[in-house]
1. Residues with amide H under 5 Å of residue 178's amide H, sequence separation 5 or more or different chain, H placed in the peptide plane at 1.01 Å from N; which?
2. From the phi of every residue in segment 183-195, what ³J(HN,Hα) in whole Hz does the Karplus formula 6.51 cos²θ - 1.76 cosθ + 1.60 yield, where θ is phi - 60° and glycine or proline is x?
3. Give me the extension gain from residue 81 to residue 133: residue separation times 0.36 nm, minus the current Cα-Cα distance, reported in nm with one decimal.
4. Hey, how many Å between the Cα centroid of segment 179-207 and the Cα centroid of segment 393-417?
5. If you plug each phi of segment 16-33 into the Karplus form 6.51 cos²θ - 1.76 cosθ + 1.60 with θ = phi - 60°, what whole-Hz ³J(HN,Hα) values come out, in order, with x for Gly and Pro?
6. Would you mind computing, in nm to one decimal, how far apart the modelled labels at residue 249 and residue 112 are, each placed 7 Å from Cα along Cα→Cβ?
7. If I take R0 = 60 Å and measure r between the Cβ atoms of residue 333 and residue 69 in this structure, what FRET efficiency does the formula 1/(1 + (r/R0)^6) give, to the nearest 0.05?
8. Between residue 185 and residue 119, with labels modelled 7 Å along Cα→Cβ, what's the label distance in nm to one decimal, could you check?
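What follows draws every value from the coordinates through simple rules; no lab data is involved. In this text the structure is predicted, and so the values were computed from the model without any measurement. Here the Cβ is made from the backbone with ideal geometry for all residues, glycine too, and neighbour counts use every protein chain on show.
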Amino acid sequence: MKFKNLFFRLFQFFFGSAIFALPLRVRSLLYIDDIHSLGFFNEYAAFFVNLSGLLFLFAFTCFGIASVRGEKISFDFKSLRQFAIPFLLLLIFSIVTVPFAHDPILALLYFWNTLVFFVMAAFLVAGAFNRFLAIKILVVSFFAQSILAVTQYVAGGSLGFYLFGESFFSASTFNVAKIVLSSGETVVRGMGTLAHANIFGGLAALVLLFLAAYPRKSVLAYFAAVIILVGVFFSFSRAAALALFVGLILITIFETKRRIVSVFAACVIFGTLALVFSGAFLARLDEHSVASVGRLAQLSSAIEISHEYPLGVGRGGYTSALAEVSPELKNWQLQPVHNFFVLKIAEESFLVAVTWLGIFAFMTVQSFRCKKFEALAVVAAMFILANFDHYFTTSFSAEAMLWLGCSFVTGELVTKEIEKKHGPDFLKEK
């Protein structure tokens, strides 16, 4: 009796640990084709083994053993119907483009990550791991990340948590996320242990919108939400703030009576911080892109690459292709186009990009039809973030969060269908 359902419990432990570890950049370089091909280490063309990815694999292995041993497991295959078709189509299109990649090995390794995220999301949708428990774990994780991010801003640089993936940086570090005030002083933007402040801000904003759907929120949950909101502010990510407040506005419009106090409080807190730290806030709002080319020029280069390679250059191949079409660019200027869908076109073909657009359209329509407005807010926020940056495909943590968001939305839709069929108390009884 002591070891009853042992491996399913181990699955739950490893799965939860993997979710908690998502923001931690604990990783090891596994593969890069030619480290000197561009004259510098090109991280975008490298593949890393991440701690969170290993923990997910441990979880999947334990689930398989639990199934073979006949342990009592939770997994509802019927709930995967809404999830499986569009995402299986995405997997098919993604693997088809691998042989045409500039570096097929690198593209195949990235496809492996995609497959891991697909299985992770399937477990959440099917109820093998409770999605609200996943949200709770993310809240705890990003609560800690937000404290770290705020402290980084105050301290003016990193705090020495390098073992957990924190970058070594200060206000004088070249090309780090920072703001130059009107006085000439330079301040850093909080990023936690993630690779960039924009990534931290965007993912923290999504966690707050996930939390909006969490049932029976306690005082601790609201306290954690305030700290994470403060963390979003000190990331000074314009896209993150836009995504968060568009999501909150959607929730307020459709659920005014339930959400007006919480949303008003969030606006007051964010507005107060903007007044107190007005110098940094206004400087960030007025800040022009320091990239070598503007966003329109980036899009133009990506379109040029996609025309030359209709089936894409492969995951991780964009910066090398950009160096070919724009040899005048300096090393630090070689970065992916800041648009998830356009980058998908350039790296994995028009088919993959259109499939992702179709997935977003499907989730939007179904969320609205089922009156799952917290899910609708998450979809809107993810779509905004996807159109302003590339990290949903270039960062392991962010790509995992994209799939977590899709599983959350799909899980909400499945729940609504079950409630319509069996009544609102069916799941509570279960």
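1. Placed amide hydrogens put 189 under 5 Å from residue 178.
2. 6, x, 6, 10, 10, 8, 9, x, 9, x, 9, 8, 6
3. Net length gain for the segment: 16.5 nm.
4. 24
5. Along segment 16-33, the couplings run x, 5, 5, 5, 4, 7, 3, x, 7, 8, 8, 7, 9, 5, 9, 8, 8, 4 Hz.
6. 4.3
7. Step by step, r from the Cβ atoms, then E = 0.65.
8. With each label point 7 Å from Cα toward Cβ, the separation is 5.1 nm.
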